[in-house]
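First the structure, in the form of structure tokens, and then the observations on it.
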Amino acid sequence: MLKMVLVNIIPVGTSPYYTVDDEGVIHITLKETLHSYSDGSNPQHEFTVTVVEQTLQGLKNALSLAMDDAIDYFKKEIDAIEYRELVLSGMAAITIDNPLFSADTDTYEKTQKVSDGNGEIIISDTIKITEQTDPVYLVSAYVMDAGETRDDAIGITVLWNSNTGHSKLKEGLISKFREIKDSSSTLLEDIKSSIGVTLPKTISSGNGETE
């Protein structure tokens, strides 16, 4: 069953809620009120609307496209917020030892870190970064398995603390990619078992007939 994500997007400020610059570009700031970042603030962003056709209908079309952009933007923000909440709920079940480590460093066996060892590919030209509160950034990219084509890539969005370095960002993107792939596989099996019909396979005899 697909998860429903509710959003509530409102204009920020007082009516008429927008400004028009000297080039005729409309500026309007919108806010999503049902979700909040770790600091308690709501996702908020200024959108610009450029009217191509100088007619009332052209203006309406431009505003509709701007709303499409707004919904896409806030959906990505909400995905990141919900992923953070998922991590928090998981961490609540983990006890961190104190002291965390007390032994000879020469005998310490390092844990194998998550990497692209299984062939995951992060498509570099799809990487986008949006600053949240420095040094925290929202990073999105398309990720695929080595045996897949670019059309098979999945859009991934994670929160990244730039102080942890690029390797940590790579680990986060690939880890979430694997999580989504696993859940998609489970969902596919659920769909097959609930609405599909299993039929015996036929074997071609080579002369166009089946056995």
Extending each Cα 7 Å along its Cβ direction at T29 and F101, get the distance between those two points in nm, one decimal.
4.5 nm
Given K31/K170; K76/K170; K168/K192; K128/K168; K31/K60; K31/K128, the pairs whose alpha carbons are separated by over 28 Å:
K31/K170; K168/K192
Under 19 Å by backbone N from the virtual spin label 7 Å along Cα-to-Cβ at E85, the residues of segment 2-33 are 2-10, 31-33
GluC sites (Glu not before Pro) in segment 46-154 lying in a DSSP loop, each with at most 11 other Cβ atoms within 10 Å of its Cβ, come to E53, E109
Taking H placed 1.01 Å from N in the peptide plane, check which residues at least 5 places from E120 or on another chain put their amide H under 5 Å from its amide H.
A146
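Please tell me the relative contact order of segment 112-195 in percent, rounded to the nearest whole number, where contacts are Cα pairs under 8 Å and at least six residues apart. It would help to have the intermediate numbers written out before the result.
Values: 103 pairs, mean separation 21.4, N = 84.
Relative contact order comes out at 25 percent.
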Taking Cα pairs closer than 8 Å and at least 6 residues apart, the relative contact order of the chain in percent is 10 percent
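Shape verdict for segment 9-93, please, from the Cα gyration tensor: rounded (a/c under 1.5), prolate (a/b greater than b/c) or oblate. Don't skip to the end; give the middle numbers.
Numbers: a/c = 3.91, a/b = 2.52, b/c = 1.55.
It comes out prolate by the Cα gyration axes.
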Please name whichever of W160, F177, H27 sits farthest to the positive end of the charge dipole of the chain, dipole taken about the Cα centre and charges placed at Cβ: Lys and Arg +1, Asp and Glu -1.
F177
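Taking only protein heavy atoms and a 1.4 Å probe, what accessible area per residue, in Å², does the chain have with all protein chains in place?
Working: 15540 Å² over 211 residues.
Averaged over the residues of the chain, the accessible area is 74 Å².
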Residue by residue through segment 171-178, the couplings from Karplus 6.51 cos²θ - 1.76 cosθ + 1.60 with θ = phi - 60°, in Hz, x for Gly and Pro, are 4, x, 4, 5, 4, 5, 4, 5
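If you place +1 on the Cβ of every Lys and Arg, -1 on the Cβ of every Asp and Glu, and leave all else neutral, what size is the dipole of the chain about its Cα centre, to the nearest 20 Debye?
On the way: 17 positive and 34 negative charges, 72 e Å.
For this selection, approximately 340 debye.
Round to a whole number: what % of the accessible area of segment 1-75 belongs to carbon and sulfur, probe 1.4 Å?
Heavy-atom surface of segment 1-75 belonging to carbon and sulfur, 1.4 Å probe: 56 percent.
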For segment 81-86, 3J(HN,Hα) per residue [Karplus equation, 6.51 cos²θ - 1.76 cosθ + 1.60, θ = phi - 60°, Hz, x = Gly/Pro]
5, 5, 5, 4, 5, 5
Quick one: Karplus J couplings for segment 19-36, per residue in order, coefficients 6.51, -1.76, 1.60, θ = phi - 60°, nearest Hz, x for Gly and Pro?
10, 10, 7, 5, 8, x, 8, 8, 10, 9, 9, 10, 9, 9, 9, 8, 9, 9
Leaving ligands, DNA and RNA out of it, report the carbon-plus-sulfur percent of the accessible area of segment 112-195 at a 1.4 Å probe.
51 percent
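Which shape class applies to the chain: rounded if a/c is under 1.5, otherwise prolate when a/b exceeds b/c and oblate if not, where a ≥ b ≥ c are the square roots of the Cα gyration tensor eigenvalues? Please list the in-between numbers first.
On the way: a/c = 2.18, a/b = 1.19, b/c = 1.83.
It is oblate, given that a/c is not under 1.5 and a/b is not larger than b/c.
Would you mind estimating how fast segment 112-195 diffuses translationally, via Stokes-Einstein at 10 °C and 1.306 mPa s with the Kirkwood radius over Cα pairs, in µm²/s? Let's see the in-between values first.
Details: Rh = 13.8 Å.
D = 115 µm²/s.
The values are calculated or read from the model by the stated rules, or taken from the named source; none is laboratory data. This one's a predicted model, so the numbers in the text were calculated from it and none came from an experiment. Cβ atoms come from the backbone with ideal geometry, glycine included; neighbour counts cover every protein chain shown. Keep in mind that these areas ignore ligands, DNA and RNA; they rest on the heavy atoms of the full protein, side chains included. Shrake-Rupley method; radii C 1.70, N 1.55, O 1.52, S 1.80 Å.
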